[in-house]
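Participant: The structure that follows is given in the form of structure tokens.
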Amino acid sequence: MELLKSLASLSGCIIVLVGTYRLLRFGETSAQLGRRSEIIELGPYHRGSQKDLDHFAYALDGLLARYPIRFSDALFDKVSEIHLGCCGCIGILKDWLTKTLYRTLESGGDYVSVKSLMDNRMDPRELNRVAAEIKMGKDYFSRVTMFDVEDMLLGGGTQIHKKSGSRGVQRKPSHDPVGPQL
């Protein structure tokens with residue numbers, strides 16, 4: 001990563017790294033990399049959000065519109081199951097649809113059923129690994145707050161201690177104008 005940082009600096013080029021959440025670990029190797037980097041999360045559609053499931057269904061529809069053969073209309077009744085079968089990741093969905101298309105054409109078929117799609121999804125063990133990486137990514141993006149930064153800088157001394165019996169700051173009327181100002 002230091003080599004990439006130097007290469008980008010010397011050449012004036014922008015280097016774009018694209019990958020899974022595991023790639024985020026490389027950015028943690030140096031504060032200089034963090035300063036010179038920008039992380040843009042292109043996360044999956046989340047299962048717990050109806051809005052995300054609706055957007056996933058639109059994405060599925062967009063991919064199927066490019067299919068060169070017919071597919072079952074019942075696929076749209078199975079959006080939740082299809083979402084689960086790719087962990088909400090469009091790249092995995094695209095590969096899954098491509099694999100199903102290839103196997104359907106290879107077998108002489110001209111129609112993709114829900115069953116043939118489900119028969120071609122990734123193995124649950126692999127999907128479990130994808131889900132673990134998604135969880136790791138969610139943790140990465142939510143684990144540090146500005147309070148954590150302040151705590152690190154001040155060594156845990158971020159608590160404000162108030163004198164007992166203190167009522168806070170009391171301004172004297174003679175010091176500042178009081179009442180409506182015209």
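None of the figures in this text is laboratory data; all of them are computed from the coordinates on show. Note that the structure is predicted; figures quoted are calculated from it, not measured. Every residue, glycine as well, gets a Cβ built from its backbone with ideal geometry; the counts of neighbours run over all protein chains shown.
Participant: For Asp73 and Leu42, what does the FRET efficiency come to when R0 = 25 Å and r is the distance between their Cβ atoms, rounded to the nearest 0.05?
Facilitator: The pair Asp73/Leu42 has a calculated efficiency of 0.30.
Participant: In addition: Please give the FRET efficiency for Lys115 paired with Lys94, using the beta carbon to beta carbon distance and R0 = 22 Å, rounded to the nearest 0.05.
Facilitator: 0.65
Participant: Would you mind getting me the FRET efficiency between Asp148 and Thr20? Use the beta-carbon distance for r and R0 = 22 Å, nearest 0.05.
Facilitator: Computed FRET efficiency for Asp148 and Thr20: 0.35.
Participant: Glu81 label point, 7 Å along Cα→Cβ, cut-off 13 Å on backbone N: hits in the stretch 100-134?
Facilitator: 113-121
Participant: Modelling each spin label as a point 7 Å along the Cα-to-Cβ direction, I'd like the Cys13/Asp52 distance in nm, to one decimal.
Facilitator: Inter-label distance under the simple model: 3.5 nm.
Participant: What pairs in Lys94/Lys138; Lys51/Lys94; Lys51/Lys78; Lys115/Lys138; Lys51/Lys135; Lys5/Lys135 have C-alpha atoms more than 26 Å from each other?
Facilitator: Lys115/Lys138; Lys5/Lys135
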